[in-house]
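The values are calculated or read from the model by the stated rules, or taken from the named source; none is laboratory data. Since the structure is predicted, the reported quantities are computational estimates derived from the model, not experimental observations. Here the Cβ positions follow ideal geometry from the backbone for every residue, glycine too, while neighbour counts run over all protein chains shown.
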Amino acid sequence: MSGPLAMLDVGAIINGVLLVMLVVLMCAIARVRNLLTAILLMGVYSLVMAVWLTVMDAADVAFTEAVVGAGVSTVVLLGAILLTRSETAAISWKAMIAPGLAVLVVGGLLVFAAQDLPDFGDPASPANAYVGKLYLEMTGGDIGAANVVTAVLGSYRGFDTLGETTVIFAAGLGVALMLGFGERAMSDRERGRMPVNVSAGEDHVVLRVMAKLLIPLIVLYAFYVQFHGDLGPGGGFQAGVIMAVAVILHALVFGLDATMHAVRPGVARAIAALGVLVYAGVGIANIVHGGTFLNYDYLFPPGVEARLPDAAHHNWGQHFGIMAIEAGVLLTVAATMITVFYGFAGRSAEAVAVVGGDDTHGQNP
Amino acid sequence: MLEAAAAAILIAMVLMLVRALIGPTSYDRILAANSFGTKTVLFIGLIGFLFGRPDFLDIAIVYALINFVTTIALMKFFRYRSLQAPLASAGAESRDG
Amino acid sequence: MVEALYWIGCGLTLLGALLTVVGAAGVLRFPDVYTRIHAASITDTGGATLLLLGLGLMSGLQFATLKLVIVWAFIMLTSPAAAHALANAAYASGLTPWIGEFRIIKGATPDAKKTGNAS
Amino acid sequence: MSFVTSHFNYVVVIVLMMGGLFITFSTGNLIKRMIGLAIFQTSVGVLYISLGKVAGGTAAITIEATSEAGRALSSKLDPGYVAQYGVDGVVYSNPLPHVLILTAIVVGVSTLAVGLAIAVRVREAYGTVEAGEIAAADQAAIAQADRRKSGGRGR
C-alpha cells in the first residue's frame, strides 16, 4: 500500500469508524420508543463493541462481549419485556430539558477533565508502563501461561475473580428468588395449564435439525474455549456463557419443558453453588498445604510437585490451580446463566395470556 | 490488499446498520442484525490476518455459532410471544415418533 | 506456485468483499423484506465462502486454516437456517411479498404445491 | 487537532456515558432505564480498554519474538521503541484492563438480569413499569391509608 492511505494507521481508522457507529447506535436507542427495537439495536451495539475490542487487542474481552451480547443479554431482555410490555410511554420534550442540561454540564466537565488523560496508545502512560508491563514480564517465569490475561485473571488477581464469581452467583440467586427457578412453569405444565399457542400445521423441521446439529458443537466448542484458555483467548467466563447459550438454544427450539427435564432447575442451582465452592476450595487447599489463600504454588502437598513430569520447566501448581479455578468459574457462570434464563422464561405463563394470542392468527390460509 | 477487503466489509457493515436503523418492519431489523453478525465474523477474521494474529479467529468461530441464537430468540418472540413453547406443534411431534 | 496461490487468494478475498458490499447495497435498496432476505442470505454465504477461501490461500497451510474451515462450515450451517426462519416468521405474521401472494394449499399434493403461486 | 486525534476515544467514552445517563434520566420505563445503564457500563469498558491500548502493540497472548508472526509484528516498529516498551522483543497491549472489563461484562449481564427481575416484579405488583405511574399509585395508596386512618379516628 502506498499513497495517502499509508499515511494513516489502519487500526486508527477502523477504531474511529467503529466508535462513530457506537455513538449512532446509542442515539438511536435513546430515540426509539419500541423496546423491541431498542433490544435489537443493543444486539448490534454489542456486535460493534466486540469488533472494536478485537481491534484494541482485547481478544479475551471481545470473546466475552461476543458471547454475552449475542447469546444471553438479548434473550434476558426479551424475557423481561415479555413479562412487562414492549412500548415505553411518550416523553414530552419538556421532561427532557432537565436531564439534557444535567448531562450536557457533566459531559462538558468530563471533556475538560479528559484533557489530562494520557494520549491514546501512549506506551509510557502510568497505566501501561508499570503494573501492566510488570504482569507481562513476570507471567512467563511465575506462571508459564501464554495468555497473560488468563494468568492475571486466575492467579495474580485470583482473589478478585473469586469475588466476581460470587457476585455472579449472588445475582443468579437474586433473580431466582424474585422470579422463581422456573419450576412454576413445570408444575403448570403438569397441571395442564401451560399455554400452547403454537398454531397447528407449523413444523420448523429445518430449525430443529439445525439445533440438533449445533447444540453438541456449541458444547464442544465451550470445552475447547475452557481448556485452551492458557494458550489463546478463552477461559471459564467465556466457556460458561457459551455452555449456557447451548442450553438456551435447546429451550428456544425444543421448548422450555424439554430443557427443564434435560437440565433440571435444581441441578442448575446446585452446580452454581458448587462452582463457587470449587474455587474457594482450591484456595483453602493451598492454606492446608502451607501456603496462602489462592497461592497455587502450594496446591500440591509438599514434595509431590517435584515428582511430576518435567517439573523443572513446568509450573504444575500454577497450571493445575488455574485450571481448577477456571472449572469453578465455568460451573458457576454456566449454571447461573441457565438459572436466570429459567427464571425469566419460566415465569411467562400469566404474561402470555395478556400479551399473546393476537399474533398467531395472522397466518395466511 | 487485506486493507481494501476490510474497508469493503466495513462499508457493508455501515449499510447494514442503516437498514437496522430505518428498517420499516421488525423483520427488516432482525435481518439486518443477523447479516451484520455474519459481516462481523468476516471482519474479525480479516483483522486477525491484517494484524498478524490469527488467534482472533476463535472469536469469529463463536460468532458464527452463536449469532443464530439471537435470530431464533427474536423470531420466536415475534411469532409466539413466548420463550417457553417448543418450535413444533404437537402434531409434528407425533409424526416424528 | 506459492506466489501464484497468494495472488489468487488476494483476488478471491477482494471478490468476496465486493460481493458482501453488493449484498449490503441490495439489502438497503430492495423493496420488501423477502427480497432483502434474498439479497442478504445469498451474498452472506457466497461472499463468506470466497473471502475465507481467499484468506486460506493467502496465509498458506497452518493451524489457522483449520479455523477458517470451521468458520466457513458454521456460516454455511447457520446463515441459511436463520434466513429460512426469518422468511418463515415474516410470512406467517402476514407480511405479503412485494411480488404477490404465495398460497400454500392445505392438503395439496406436492405437485399441486409447485404451481400454487397465484396473483 | 492533536487533541481530537489523541483524545478521540475519551470523547466518545464521555458521549456514550452521557447518552446512557440521559436514557436513564429521561425515561420512566424501568426496562429502558436498564438498557441505559447497560450502555453506561459499556462506556466504562471503552475507557479502560482505550487506556490499555499501546501503539503498535498486539494482544497480550505471548508469542516468540523469533517466530514468523513475532518478526512480522516487530518489523513494522522502530527497534528502539520495541526495546524500550516491548517484553522479550514484542510490544503488547496492557492486559490488566482486559481482565477487569472481562469480568465486568459477565457481572454486568448478571446485574442487568437482577434489575430486570425487579422490573418484572414491579409490573406484577403495580401493573406498569413506568416510574411516574408507580409513584402515582404509591401516592394514591398513601392517601387512601391516611383517609382510612383519619376516618377511623373521627368515628
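Listed values, structure above:
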{"item": "Of all residues in region A:103-127 being assigned to a helix (DSSP H, G or I) and touching a helix residue (DSSP H, G or I) at 6+ places or on another chain (Cβ under 7 Å), the one that is farthest from D:Asn29 (Cα to Cα)", "result": "A:Ala127"}
{"item": "Scope region A:114-137; condition among the small types (Gly, Ala, Ser), over 11 Å from D:Asn94 (Cβ atoms) and more than 7 Å from chain D (Cβ to nearest Cβ); matching residues", "result": "A:Ala124"}
{"item": "Test set (1) more than 9 Å from chain D (Cβ to nearest Cβ); (2) touching a His at 6+ places or on another chain (Cβ under 7 Å) - A:Ala62 fails condition number", "result": "(2)"}
{"item": "Per-region count, region B:1-26, residues in a helix (DSSP H, G or I), at pLDDT below 90 and within 8 Å of chain C (Cβ to nearest Cβ)", "result": "1"}
{"item": "Residue among A:Gly283, A:Gly236, A:Gly232 that is over 29 Å from A:Val206 (Cα atoms), touching a residue at least 12 places away in the same chain (Cβ under 8 Å), surrounded by 19 or more Cβ atoms within 10 Å (Cβ to Cβ) and within 11 Å of chain B (Cβ to nearest Cβ)", "result": "A:Gly232"}
{"item": "Number of the condition not met by A:Gly100 [criteria: (1) surrounded by fewer than 24 Cβ atoms within 10 Å (Cβ to Cβ); (2) assigned to a helix (DSSP H, G or I); (3) more than 7 Å from every other protein chain (Cβ to nearest Cβ)]", "result": "(3)"}
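Results for (1) more than 7 Å from chain B (Cβ to nearest Cβ); (2) in contact (Cβ under 8 Å) with a residue 24 or more places away in the chain; (3) of a type in the set (A, V, I, L, M), shown as yes or no for each residue.
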{"site": "C:His38", "(1), (2), (3)": "yes, no, no"}
{"site": "C:Gln62", "(1), (2), (3)": "yes, no, no"}
{"site": "C:Ala73", "(1), (2), (3)": "yes, no, yes"}
{"site": "C:Pro80", "(1), (2), (3)": "yes, yes, no"}
{"site": "C:Ser93", "(1), (2), (3)": "no, no, no"}
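Residues checked against (1) more than 7 Å from chain A (Cβ to nearest Cβ); (2) over 19 Å from A:Leu117 (Cβ atoms):
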residue: D:Met18; (1), (2): no, no
residue: D:Ser26; (1), (2): no, yes
residue: D:Lys32; (1), (2): no, yes
residue: D:Val44; (1), (2): yes, no
residue: D:Gly52; (1), (2): no, no
residue: D:Ala72; (1), (2): yes, yes
residue: D:Tyr81; (1), (2): yes, yes
